[in-house]
Amino acid sequence: MVVGDVTTGTEVLVIGAGPGGYVAAIRAAQHGLDTTLVEKEAYGGTCLNHGCIPSKAYITAADVAHDAGNAEHMGIHADPAVDLMGMREWKDGVVSQLTGGVEKLCKANGVNLVEGTASFKDESSVRVAHGGEGQGSETLEFEHCIVATGSRPLQIPNFDFGDEPVLSSRDALSLETVPDRLLVVGAGYIGMELSTVFAKLDCEVTVVEMLDDALPGYEDDVARVVKKRAEGLGVEFNFGEAASGWQETGDSEAQGASGNRTQSGDGIVVTTETEDGEESEYDADKVLVAVGRQPVTDTLDLENAGLETNENGFLETDERAETDVDGIYAVGDVAGEPMLAHKGSKEGIVAAEVIAGEPAALDYQAIPAAVFTDPEIGTVGMTEAEAEEAGFEPAVGKFPFNASGRALTTGDSEGFVRIVADDGTGFVLGAQIVGPEASELVAEVTLAIEMGATLEDLAATIHTHPTLSEAVMEAAENAMGEAIHTLNR
Amino acid sequence: MVVGDVTTGTEVLVIGAGPGGYVAAIRAAQHGLDTTLVEKEAYGGTCLNHGCIPSKAYITAADVAHDAGNAEHMGIHADPAVDLMGMREWKDGVVSQLTGGVEKLCKANGVNLVEGTASFKDESSVRVAHGGEGQGSETLEFEHCIVATGSRPLQIPNFDFGDEPVLSSRDALSLETVPDRLLVVGAGYIGMELSTVFAKLDCEVTVVEMLDDALPGYEDDVARVVKKRAEGLGVEFNFGEAASGWQETGDSEAQGASGNRTQSGDGIVVTTETEDGEESEYDADKVLVAVGRQPVTDTLDLENAGLETNENGFLETDERAETDVDGIYAVGDVAGEPMLAHKGSKEGIVAAEVIAGEPAALDYQAIPAAVFTDPEIGTVGMTEAEAEEAGFEPAVGKFPFNASGRALTTGDSEGFVRIVADDGTGFVLGAQIVGPEASELVAEVTLAIEMGATLEDLAATIHTHPTLSEAVMEAAENAMGEAIHTLNR
Amino acid sequence: TEQSSGKGGRVFAAPSARRLARELGVDIGSVDGSGPGGRVTEGDVRSAAEGDAESATADAGGAGDDAGPRSVEFSGKSATKRKGDAEQAT
Ligand SMILES: Cc1cc2nc3c(=O)[nH]c(=O)nc-3n(C[C@H](O)[C@H](O)[C@H](O)COP(=O)(O)OP(=O)(O)OC[C@H]3O[C@@H](n4cnc5c(N)ncnc54)[C@H](O)[C@@H]3O)c2cc1C
Ligand SMILES: Cc1cc2nc3c(=O)[nH]c(=O)nc-3n(C[C@H](O)[C@H](O)[C@H](O)COP(=O)(O)OP(=O)(O)OC[C@H]3O[C@@H](n4cnc5c(N)ncnc54)[C@H](O)[C@@H]3O)c2cc1C
């Protein structure tokens, strides 16, 4: 039964309740704007339900088990058993605590919550279709709209996420048992994080990657530390190969574009191809496809609002997070790279404040990024090459964690902190950190970049002993030729 | 056989190779000064050999074992066995890697190393007595001297560290077996860190503290989080009691000032007294006395150089780290509170640079401090009360870790970040952090304080999701009434 | 004078100074910084705002101009309500 179409109005309409959208909605409401947030699936979006949060929960649990099982050198003898269903339940509990929190925070800040799928009727209203078929719809008129519909995993030909042995990252985070053999397609950050988790859970993990190294986009010496550790966990890498198809073991008929269906659990064979057409085959139980994500706009009827996506499917915005259409903003993954939760939240805040009449803008100098592999990677701002390209004469300092007292006492001392600065002025331009707590350490350097701090500022700031953050100070000192705990070049 | 007294000269003489002294020596040598470092015992001083480093190594190992044994809610089942000798060997390996590193770094920077005990002959020379009796001595003439002789554990009447059941922190870090029952005298940071370690190693720990709370000096709500967790580990606290004596079990004769000797391993009874003279008795196997530390100057013959200590035994210095005697500097624990390694290193650097003719001074705004309990504490700058006292009108923001996605995914979400700022200007004045990685998180706030950053600067800086450092940003936003993930007051 | 901006379109100034520049309609990229290395302080922004009003109101990086410093003139577009009642939500 279709319920009659009711029309209501709102000052600010936010579409999508991921970290881009819900943050925008809360901030808009904090500024006294009448705000409505429409979400079709789950509060918190990809990040809380199928991305950042569940993956990090699994990483923690896998670490606890793995660390204890590998601490004989510390005098600790344990043989932990992992019950994946128990791990999943814990993770689900964390997720629901956080998604429940998002809902509560929205309400407490006065955001109106609407469940359903929004699509544009024109440039000042949307239709919201509720729940399943026949659940009715309503029209919402808005003065300002923030599109925050996020992204979804890319599919590749012949690998349909609907088929049971083919996993998206989301599927991988809700398996009921640890597969014996997992083939991971894609050595980007999501592929690498999940490969590490499953390798630590004693799964035999093989990674195939089209490009010629793990973690494309990261500098060689950074990626190398993570790759080496992964190999130490038993992960096997195969570069320069693209996954081209799969079939069930014992199934003589090659499976392809026609689609695949698994009945038995007796394994699959995945075929890959090099650029020259050379084929390889890999036995596995599951194949995880983690080759990237694409923006979600197909549910929106963009054309009705006069919106267009660019050639990569993103909505383009200016430094106020506004699209080409007056009063319509886009934030988060749907608004382009980097597809990171905190980038989306920042855009959400700026969009909300711009709407509220504040002098807000996307004027940040640097967006930090982290990879939660073992060890972690944290980067922000410019690499040495990028600094050169931008016209700086870079001064670079490095500090290895094996010279850090704190790193040694944590039992985890591979990796380094590298700081990139402008030689003339000393202004800090960037950092590449690989090692323990790299995701946290990058925060200090980000503040340094935003503040226009110099190497001397970082070096002169007292850092607690013994902490990993001392490595940031020492890297800055090294760039000045004055490190204490490492030799200066 | 006494070797003839040779006299050599040096521009800079540093006495003591702890984090105050060796850092000073390296920096002086980096500035081209002819530098000699005299150490009587072990490179790295208390910190590397018996303090910061070994304690943190034990904390890590105890955590690995404890976390794995208590992760059933995460689906991990393990029953780790701890072999304290194995743990100690690992710790010793870490220590010797670091002390070896200090020695190598000193040499690589051109510091002359001399082993022996230095004492002043006059205000421009010391006598260095080598090794044991009859190993000879030499005279060193200096232009500038940096005294960095550190501190040692305070003894209390009737508890002689020479007696086998009476442990200093140093002894506690080299036990061969985990005692069944440990009585800890003193709930300061050293007592609390070690209590936590031993409790996690399944030792029955009882703490007696003369004052009326754990972690004196820390605010109530900070100390409470740590105390609660310790109690959860089975640590029993008794406040308002001072340890007054001990005797062996079954030993009818009360032991006291006369000294004690333990023959058998069948336990001791420790007696405590309240202010009103009320006595209590505690059964234990060992008693750890961790009631504070006192400066070491008694090996120096200070009077020969015209130096005097203040009423607390410290050498007083000015903002150039110089004592009352021209050309003689003092750094580290011997130069006063706070007795922290990084304070000593900073003073060492300043003293070295001042001697090198640089415009250096102890002009820092804040010294961060950490307690590596479970959870950790990290503090820097002013508390709200201190800010008020200093004439600021404090704006205070708080963010609880149980609203942090990252904290929840680490399984450790107790505690909070509190930021104190000046209301009018927004200048960040201090932070109190209790929770996971508090020791690292405090680094960003320290930089903020040193840079004269405002709440807005912290809030506007993008913080990686999901990280604990987001809590710093949110606390700053909360102080501005604009936090996203917690309600604003 | 040496400009702190230019390279890669960077302005070395705290977020609070950058926001103040937008609020006062100052193109922070053209402000002489008095801080170390030419870092632009809030004080520099204020004196630039007082000192020459005409350059401050010049269009400072309109939509789509992402080559230059990301300073955007505060236009107060479509403001519904201003700050001040941020706490009412609780
Ligand atoms: C495995 C994995 C790990 C990740 N780890 C990290 C990490 O550690 N750090 C990090 O920064 N990022 C991480 N990411 C990326 C991060 O999840 C995204 O960048 C982030 O979720 C983007 O936020 P968003 O608000 O733009 O979109 P999303 O989180 O995707 O939310 C969009 C929301 O919009 C809703 N929606 C879509 N269309 C409509 C419509 N028409 N009507 C109503 N609602 C609609 C969707 O249901 C969804 O809830 C990870 C991603 C994955 C998959
Ligand atoms: C269990 C424990 C845990 C601790 N944890 C921390 C922590 O986590 N963080 C922190 O910041 N601080 C910590 N501390 C405190 C820290 O160890 C001290 O603040 C630091 O070591 C002081 O450095 P220093 O150079 O002044 O002196 P020391 O490290 O004490 O070094 C002084 C050196 O001088 C030598 N010496 C003394 N007299 C002479 C002489 N006459 N001739 C030649 N040599 C001499 C000594 O042998 C010694 O090597 C801890 C201390 C303990 C006991």
The stretch A:84-146 and the stretch B:223-242 have their Cα centres apart by a whole-number Å value of 44
With one decimal in nm and the nearest listed first, the spacings from A:Pro338 to its own position in the other copies, using label points 7 Å along Cα-to-Cβ, are 3.2
Using eta = 0.890 mPa s and T = 25 °C, Stokes-Einstein with Kirkwood Rh from Cα pairs puts D for the protein assembly as shown, in µm² s⁻¹, at 79
Expected output for the stretch B:385-429, residues with a loss of 30 Å² or more in accessible area relative to the chain alone at probe 1.4 Å, reads B:Arg406, B:Leu408, B:Thr409
Sorted list, accessible surface of protein heavy atoms, 1.4 Å probe, largest first, for A:Lys286, A:Lys104, B:Lys40, A:Lys56 is A:Lys104, B:Lys40, A:Lys286, A:Lys56
In the stretch A:166-289 the accessible area split gives carbon plus sulfur, as whole percent at 1.4 Å, a share of 42
From DSSP H assignment alone, runs of 4+ in chain B each adding -39500 (n - 2.57), the sum over residues rounded to the nearest 500 puts [θ] at 222 nm at -9000 deg cm²/dmol
Here the percent of antiparallel bridges among DSSP beta bridges lying wholly in chain A, to the nearest 5, is 60
Quick calc of log₁₀ I(q)/I(0), chain A, Debye, one scatterer on every Cα, no solvent, q values 0.08, 0.11 1/Å, result -0.56, -1.04
Per the rotation taking chain A to chain B, min distance Cβ-to-axis on chain A (residue, whole Å) equals A:Ala68, 2
Copies of A:Asp83 compared via label points 7 Å along Cα→Cβ give distances in nm, shortest first, of 2.9
Rounded to the nearest Å, the spacing of the alpha-carbon centers of the stretch A:377-411 and the stretch B:262-323 is 42
Counting only DSSP beta bridges with both partners in the protein assembly as shown, the antiparallel fraction in percent, to the nearest 5, comes to 60
For B:Asp324, inter-copy label-point distances (7 Å, Cα→Cβ), nm, shortest first, read 8.0
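Relative contact order of chain B: what whole-number percent is it, with Cα pairs under 8 angstrom and at least 6 residues apart?
Value for chain B: 15 percent.
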Mean accessible area per residue over the stretch A:322-457 (1.4 angstrom probe, all protein chains present, square angstrom) is 22
Rounded to the nearest 5, the percent of antiparallel DSSP beta bridges in the stretch B:166-289 equals 45
If each part is reduced to its alpha-carbon centroid, the stretch C:19-53 and the stretch A:413-478 end up apart, in Å, by 27
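About the Cα centre of the protein assembly as shown, how large is the charge dipole given +1 on each Lys and Arg Cβ and -1 on each Asp and Glu Cβ? Please answer in debye to the nearest 20.
The calculation lands at about 540 debye.
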Reported to the nearest 10 Å², A:Glu72 has, with a 1.4 Å probe, an accessible area equal to 120
From highest to lowest solvent-accessible area (probe 1.4 Å; ligands, DNA and RNA excluded), B:Asp220, B:Asp160 read B:Asp220, B:Asp160
If unit charges are put on Cβ atoms (+1 for Lys and Arg, -1 for Asp and Glu) and the dipole of the protein assembly as shown is taken about its Cα centre, the option from A:Gly110, B:Gly100, B:Ala369 lying farthest towards the positive end turns out to be A:Gly110
Once all protein chains are kept in place, A:Cys47 shows an accessible area at probe 1.4 Å, nearest 10 Å², of 10
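Count, for each residue of A:56-69, the Cβ atoms from other chains sitting within 10 Å of its Cβ, then give me the mean as a whole number. Numbers along the way, then the final one.
Numbers: counts 8, 7, 2, 2, 9, 7, 2, 3, 13, 8, 2, 6, 11, 5.
Taking all residues of A:56-69 together, the mean is 6.
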For chain A, the helices passing both cut-offs (Cα extent along own axis of 27 Å or more, Kyte-Doolittle mean at least -0.5, full DSSP H runs) are A:84-108
Interface buried area B-A, accessible surface with 1.4 Å probe, both sides summed, nearest 100 Å², comes to 7200
SASA check, B:Glu316, accessible area w/ 1.4 Å probe, all protein chains in place, rounded to nearest 10 Å², comes out at 110
With +1 at each Lys and Arg Cβ and -1 at each Asp and Glu Cβ, the charge dipole magnitude of chain B around its Cα centre, to the nearest 20 debye, comes out at 1520
Around A:Ala199 (Cβ within 15 Å, Cβ-to-Cβ, excluding A:Ala199; K/R +1, D/E -1) the net charge comes to -4
For the stretch A:166-289, the dipole about the Cα centre with charges only on Cβ (Lys and Arg +1, Asp and Glu -1), to the nearest 20 debye, works out at 620
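The values are calculated or read from the model by the stated rules, or taken from the named source; none is laboratory data. Small disclaimer: the values here were computed from a predicted structure and weren't measured. All Cβ positions, even for glycine, are placed from backbone atoms using ideal geometry, and neighbour counts span all protein chains on display. Heads up: the accessible areas ignore ligands, DNA and RNA and are worked out on the full protein's heavy atoms, side chains in. Shrake-Rupley method; radii C 1.70, N 1.55, O 1.52, S 1.80 Å.
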